[in-house]
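K.L.:
The following block contains the structure, expressed as structure tokens.
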Amino acid sequence: ERSLIASIIPPYYFCGDTAQTVKNNLSYKNSLYIVAIFNSFIADFEIRKKITSHLDMHFMHTLHIPRLLENSTGQEKKTFDSLVERAAKLICTTEEFADLWKEVMGTKWTKNSGVTDDKARAKLRAEIDAIVAHLYGITEDEFVHILSTFPIVKEDVKKLTLEEFRKWKR
């Protein structure tokens, strides 16, 4: 369904040779923001124009990422925080992410902190895609076109994403 899938892995975990990993000095909030952008239909649409069958790190450096930071203000802060919160709910589903959850959300992680229900997860992903599309300044017609380029993605996922796009106001 997707060419680019990003996440944060717990400390001391590793990936096999086909998964690209990056150790960075970014805060958890900035890392979650980037993960949210990378997992969007917009970033995937952009990266698919550049790759064939394998996604190497040099392609990642070519992505255009809106430069919001955790110390942004006003509407930029609201957008940043919205993406970070949703990404945290999708990623922090196990105890290995307790420290990340505590730093980002300001509360102690519990087994109910992360979202594991499939419908709720789908809604969070759709909200992230909607927010990111608006962040990039994508029009509804452009977004419809972008969604149409994902033939394997189920129509109900595209429909929910488009509905969230229409709801989200920057």
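The values are calculated or read from the model by the stated rules, or taken from the named source; none is laboratory data. If you're wondering where the values come from, they're calculated on a predicted model, not measured in any experiment. Virtual Cβ from ideal backbone geometry, glycine too; neighbours counted across all protein chains shown. Accessible surface areas use protein heavy atoms only, side chains included; no ligands, DNA or RNA. Shrake-Rupley method; radii C 1.70, N 1.55, O 1.52, S 1.80 Å.
K.L.:
Working from the alpha-carbon coordinates of the range 28-170, get Rg over Rh, Rh being the Kirkwood radius.
P.N.:
Working: Rg = 15.3 Å, Rh = 15.9 Å.
Ratio of gyration radius to Kirkwood radius: 0.96.
K.L.:
Using a 1.4 angstrom probe, figure out how much accessible area the range 57-170 has per residue, in square angstrom, rounded to the nearest whole.
P.N.:
Details: 6740 Å² over 114 residues.
Roughly 59 Å² per residue, with all protein chains present.
K.L.:
Then there's this: Beyond a 31 Å Cα-Cα separation, which of these cross-linked pairs lie in this structure: 49/154; 108/159; 49/111?
P.N.:
Values: 49/154 21 Å; 108/159 35 Å; 49/111 39 Å.
In this structure, 108/159; 49/111 exceed 31 Å between Cα atoms.
K.L.:
Among 119-128, 139-148, what's the highest-first ranking by average C-beta atoms within 10 angstrom per residue?
P.N.:
On the way: 119-128: 17.8, 139-148: 14.3.
So the order, starting with the most tightly packed, is 119-128, 139-148.
K.L.:
Still on this structure, I have one more. On the protein heavy atoms, probe 1.4 angstrom, tell me the percent of accessible surface of the range 79-128 carried by carbon and sulfur. Working shown, then result.
P.N.:
Values: 1270 of 2700 Å².
Accessible surface attributable to carbon and sulfur in the range 79-128 totals 47 percent.
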